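One structure below.
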Amino acid sequence: METLLHEWLPSDLVNIIDSYLQFYRRCIRSTNLITSVWDLQALGTGQFLCETHGHLATWDPKTEKSILLTGAFCGSFASQNHNIWIKNYKTLKRLDTITQTFNMEIVMGEDIHEFIILDDRRLLLSFPNAWILITCNQDAYTICKLKTQMEYFGSVIALDDMRVAHTSDNYNVGIWNLVTGEMVRELKGHSHISTMRYLGHQKLVVVSYDNTIKIWNLTTGECEMTLQQDVLIVDAMVSDHRLFTNSTDCQIRVWDMRTKRCELLPGEYISFFFHDGYLVTHSHNNIKFWV
Amino acid sequence: MQEFPLPMCLWEIVTGYLQFQGICTRTLKQTLTHGVCMRRDGVLLRSVFNQTIDRYDGDKWICLIQHLDAKQILFHDGKVLLVYKDQVTRLDPFTLCNDFVIDVDVSVHTVEVLSDSLFLLVVKSGFFSLTSIVCEVNNNQVIQTPLPLDFVYTNLLQYMGEYRLAIARGKQIDIWNLKTKTREKRLRGHKVRSLLRLSNHQLLAVYECRLIQTWNIVSGECLPSRQDPFAHETSSKLVLLSDGRIMDPLMHVWNPKTWKCEMIVNGICTDTTTTSEGDLITYSWDRIQFWK
């Protein structure tokens with residue numbers, strides 16, 4: 001509906017209508033939780049994955065029932081369809097949330113710094129000055145060390161088509177093709193980089209510590225937009241022409257990318273994501289759905 | 001200590017004299033130690049297997065109390081804090097008198113010592129939920145203040161002084177004021193692995209993604225994150241040395257201004273405490289070492 005309005009109406013009128021429609025400003029559901037939720041992600045099964053006191057559990061938004069999956073662990077995790085990859089120091093384990101069993105374990109010789117899911121079969125593990133590509137086949141996996149010439153550890157996020165974005169130093173982002181092992185593009189002009197987020201459709205958000213947000217077009221290599229916020233951003237997502245940011249003050253700001261106007265979503269939130277047409281936010285003891 | 005209002009050049013001279021040198025002045029072996037405390041009067045105490053309390057007489061260990069059978073034994077202000085399933089008591093190990101007894105209606109989960117006058121009592125408030133009671137001890141009287149802090153892990157809790165407590169839960173660090181019972185700040189970063197107090201206002205967060213970041217807990221501002229240099233081989237916490245430098249679990253000493261490793265100390269360390277002069281004491285199950 002929003003897109004149709006943009007196509008047919010003058011932009012001034014669209015802005016006025018937008019302010020009345022207020023997408024993702026109406027909370028239609030608020031669920032209080034009996035325990036502290038540290039992190040929340042959407043699984044491919046329609047369920048949510050909750051981290052609570054270091055334990056992982058699934059939570060079904062329809063039935064509001066949860067199933068405890070793991071004991072406490074210190075480490076990070078990421079979901080892939082109905083699987084969860086759990087990193088704990090040198091070990092990476094894959095947990096099937098349907099059967100509730102671990103079906104793969106990868107043990108490396110040293111602590112895994114970060115891991116990212118590239119696609120259904122492949123993972124990228126980062127170590128100081130090295131990347132390892134893991135390719136999974138059923139219950140086996142192969143390891144391939146990638147020949148990159150990194151001088152800086154940096155952080156890395158997955159794009160698509162076996163590409164990743166890497167903070168090649170504090171100020172520039174390198175776009176790497178993992179098939180060829182080469183850096184295909186470098187995005188310059190940031191101050192000290194804080195966070196990156198891939199929005200899909202060849203759009204990359206890069207946030208710097210001076211609170212600037214740059215949105216890059218990876219096809220053209222051009223910076224399409226620069227916004228300035230007053231608080232440091234830790235996460236960003238785009239829905240239609242709106243940029244949603246979560247910041248160090250735990251507030252979600254909604255930017256209209258056409259007018260560069262910013263509004264605050266009421267409340268404090270740990271994280272947010274879009275699921276099934278809703279904006280889902282969560283704080284420690286509450287999950288909200290917004291339309 | 002870093003906030004002492006000295007000009008920087010004078011500060012460098014003062015810290016130069018007070019600097020941790022990494023010299024082991026004394027080693028006690030075969031100690032079977034769980035906990036160590038050096039009291040203000042210089043008496044060294046140890047706890048063994050949550051069962052006994054011993055004092056060191058300069059030559060051998062002398063048992064003061066045995067068969068305690070506590071869930072946790074902690075040292076608090078030179079005395080012994082005994083944690084049972086539904087009770088917490090503080091015992092003077094020499095007079096064997098209780099300073100106080102706290103009875104808990106529900107089950108005690110854990111106790112964390114914050115300072116000589118404060119400790120945090122975490123109780124189970126439901127099947128899967130915890131809540132905390134801040135206990136402030138003044139002349140053996142305990143003032144209990146319930147707070148909604150569902151603390152679980154020691155390395156995710158840091159007392160900052162001035163009644164401020166930092167508690168990390170996932171990607172979020174809450175700064176609570178224990179006096180006013182209010183949450184002063186909520187800071188969002190990456191998933192936190194451990195916290196370390198650098199000064200009353202400066203908090204170092206070590207993240208799971210192997211980055212570190214220094215926060216000002218009053219203003220809510222942070223410095224740019226950088227790669228985590230510390231060793232993570234054991235579950236030990238990072239230690240702030242008296243000269244402002246940081247020691248990691250492999251006893252590498254880091255300068256937080258340059259983030260360079262300035263010293264590798266040859267010792268074994270599971271946990272640490274200090275003498276009343278602020279000198280470092282490290283201990284593991286088989287030895288206690290004193291450092292200058």
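Select from segment A:62-74 the residues that are surrounded by 17 or more Cβ atoms within 10 Å (Cβ to Cβ) and modelled with pLDDT under 90 and write down the one among them that is farthest from B:Val192 (Cα to Cα).
Within segment A:62-74, the match that is farthest from B:Val192 (Cα to Cα) is A:Ser66.
Just one of the numbered conditions (1) under 21 Å from B:Asp150 (Cβ atoms); (2) surrounded by 20 or more Cβ atoms within 10 Å (Cβ to Cβ); (3) of a type in the set (Val, Ile, Thr); (4) more than 14 Å from chain B (Cβ to nearest Cβ) is not true of A:Thr52; which one?
Of everything listed in (1) under 21 Å from B:Asp150 (Cβ atoms); (2) surrounded by 20 or more Cβ atoms within 10 Å (Cβ to Cβ); (3) of a type in the set (Val, Ile, Thr); (4) more than 14 Å from chain B (Cβ to nearest Cβ), A:Thr52 misses just condition (4).
Those residues that are assigned to a loop (DSSP other than H, G, I, E, B), over 16 Å from B:Tyr207 (Cα atoms) and at the interface with another protein chain (Cβ under 10 Å from one of its Cβ atoms), I need them from segment A:67-89; list them, please.
Answer for segment A:67-89, where residues must be assigned to a loop (DSSP other than H, G, I, E, B), over 16 Å from B:Tyr207 (Cα atoms) and at the interface with another protein chain (Cβ under 10 Å from one of its Cβ atoms): just A:Ala72.
Need a quick list: strands (runs of 3 or more DSSP E) entirely within segment A:192-267 having at least 2 residues that are within 14 Å of A:Tyr24 (Cβ to Cβ).
In segment A:192-267, A:233-239, A:242-247, A:252-256, A:261-264 are the strands (runs of 3 or more DSSP E) which contain 2 or more residues that are within 14 Å of A:Tyr24 (Cβ to Cβ).
Count, please, the residues in segment B:138-181 that happen to be among the β-branched types (Val, Ile, Thr), surrounded by 17 or more Cβ atoms within 10 Å (Cβ to Cβ) and not in a loop (DSSP other than H, G, I, E, B).
Final tally of qualifying residues: 4.
Test of understanding: among B:Cys37, B:Cys63, B:Cys24, which residue is surrounded by 19 or more Cβ atoms within 10 Å (Cβ to Cβ) and at pLDDT 90 or above?
Criteria check complete, one pass: B:Cys37.
Name the single residue that is nearest to the chain's Cα centre (by Cα) among those in segment B:182-240 being among the small types (Gly, Ala, Ser) and in a strand (DSSP E or B).
Applying the filter and picking the extreme gives B:Ser194.
What residue, among those in segment A:33-55 that are over 17 Å from the mean Cα position of the chain (by Cα) and farther than 22 Å from B:Gly189 by Cα, is modelled with the lowest pLDDT?
That would be A:Ile34.
State yes or no: is B:Ser276 closer than 30 Å to A:Glu51 by Cβ, in a loop (DSSP other than H, G, I, E, B) and small (Gly, Ala, Ser)?
Details: closer than 30 Å to A:Glu51 by Cβ: no; in a loop (DSSP other than H, G, I, E, B): yes; small (Gly, Ala, Ser): yes.
Taking the combined requirement at face value, the residue does not satisfy it.
Look through segment A:221-255, keep the residues that are among the charged types (D, E, K, R) and surrounded by 16 or more Cβ atoms within 10 Å (Cβ to Cβ), and return whichever of them is farthest from the other protein chains (Cβ to nearest Cβ).
Ranking the candidates gives A:Arg242 first.
Given the conditions (1) surrounded by fewer than 20 Cβ atoms within 10 Å (Cβ to Cβ); (2) more than 14 Å from chain B (Cβ to nearest Cβ); (3) assigned to a strand (DSSP E or B), which single one is not true for A:Ile116?
Looking at each condition in turn, A:Ile116 falls short on (2).
Any residue at all in segment B:256-265 that's out of contact with any strand residue (DSSP E or B) (no Cβ under 9 Å at 6 or more places or on another chain) and free of Cβ contacts under 8 Å to residues at least 12 places away in the same chain? Talk me through it step by step, then tell me what you get.
First pass over segment B:256-265, keeping only residues out of contact with any strand residue (DSSP E or B) (no Cβ under 9 Å at 6 or more places or on another chain): B:257-258.
Imposing the further condition that a residue be free of Cβ contacts under 8 Å to residues at least 12 places away in the same chain reduces the set to B:257-258.
Yes, the conditions are met somewhere in segment B:256-265.
If I filter segment B:202-222 for residues that are facing chain A (nearest Cβ under 8 Å), of a type in the set (A, V, I, L, M), surrounded by 18 or more Cβ atoms within 10 Å (Cβ to Cβ) and farther than 17 Å from B:Met247 by Cα, do I get at least one hit?
no
If B:Ile268 meets every condition in (1) part of a loop (DSSP other than H, G, I, E, B); (2) touching a residue at least 60 places away in the same chain (Cβ under 8 Å) apart from one, which number is that one?
Just one mismatch for B:Ile268, condition (2).
For every residue, the table says whether it meets (1) at pLDDT below 85; (2) of a type in the set (A, V, I, L, M, F, W, C).
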site	(1), (2)
A:Leu4	yes, yes
A:Glu7	yes, no
A:Ser19	yes, no
A:Ser30	no, no
A:Ala57	no, yes
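Here's a check for you: in segment A:261-276, which residue that is loosely packed, with under 15 Cβ neighbours inside 10 Å and of a type in the set (Asp, Glu) is nearest to the other protein chains (Cβ to nearest Cβ)?
Across segment A:261-276, the extreme among qualifying residues is A:Glu263.
Could you look through segment B:64-99, keep only residues that are in contact with a strand residue (DSSP E or B) (Cβ under 7 Å, 6 or more places away or on another chain) and of a type in the set (Val, Ile, Thr), and pick out the one that is farthest from B:Ser117 (Cα to Cα)?
Step by step, filter segment B:64-99, then rank; the result is B:Ile65.
Give me a count of the residues in segment A:268-280 that are in a strand (DSSP E or B) and farther than 18 Å from A:Asp240 by Cα.
Residues meeting the conditions: 1.
Could you list, in sequence order, the residues of segment B:110-131 that are part of a strand (DSSP E or B) and either over 20 Å from the mean Cα position of the chain (by Cα) or modelled with pLDDT under 90 (or both)?
Passing the criteria: B:Lys124, B:Leu130, B:Thr131.
Report every pair of residues separated by at least 6 positions or lying on different chains whose Cβ atoms are under 6 Å apart, first residue within segment A:24-38 and more than 14 Å from chain B (Cβ to nearest Cβ), second of a type in the set (D, E, K, R) and surrounded by 12 or more Cβ atoms within 10 Å (Cβ to Cβ).
Qualifying pairs under 6 Å: A:Cys27/A:Lys288; A:Ser30/A:Lys288.
Let's see how each residue does on (1) at pLDDT 90 or above; (2) in contact with an Asp or Glu (Cβ under 9 Å, 6 or more places away or on another chain); (3) hydroxyl-bearing (Ser, Thr, Tyr):
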| residue | (1), (2), (3) |
| --- | --- |
| B:Leu203 | yes, no, no |
| B:Val206 | yes, yes, no |
| B:Leu211 | no, yes, no |
| B:Asn216 | yes, no, no |
| B:Glu221 | yes, no, no |
| B:Pro224 | no, no, no |
| B:Asp228 | no, no, no |
| B:Ala231 | no, yes, no |
| B:Ser235 | no, no, yes |
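Residues that are under 16 Å from the mean Cα position of the chain (by Cα) and hydrophobic (A, V, I, L, M, F, W, C): does segment A:257-272 have at least one? Outline the logic, then answer.
We begin by selecting, within segment A:257-272, every residue under 16 Å from the mean Cα position of the chain (by Cα); these are A:269-272.
Narrowing further to those that are hydrophobic (A, V, I, L, M, F, W, C): A:270, A:272.
Looking for residues that are under 16 Å from the mean Cα position of the chain (by Cα) and hydrophobic (A, V, I, L, M, F, W, C), one finds at least one in segment A:257-272, hence yes.
Provide a single number: the residues in segment B:223-261 that are away from chain A (no Cβ under 12 Å) and over 21 Å from B:Gly278 (Cα atoms).
So in segment B:223-261, the residues away from chain A (no Cβ under 12 Å) come out as B:236-261.
Within this subset, residues satisfying the condition of being over 21 Å from B:Gly278 (Cα atoms) are B:257-261.
Counting residues in segment B:223-261 that are away from chain A (no Cβ under 12 Å) and over 21 Å from B:Gly278 (Cα atoms) gives 5.
For the structure I just gave you, tell me whether B:Lys179 is of a type in the set (D, E, K, R), more than 23 Å from A:Gly75 (Cα to Cα) and away from chain A (no Cβ under 14 Å).
yes
The values are calculated or read from the model by the stated rules, or taken from the named source; none is laboratory data. Since the structure is predicted, the reported quantities are computational estimates derived from the model, not experimental observations. Positions of Cβ are generated from backbone atoms using ideal geometry, with glycine treated the same way; all protein chains shown enter the neighbour counts.
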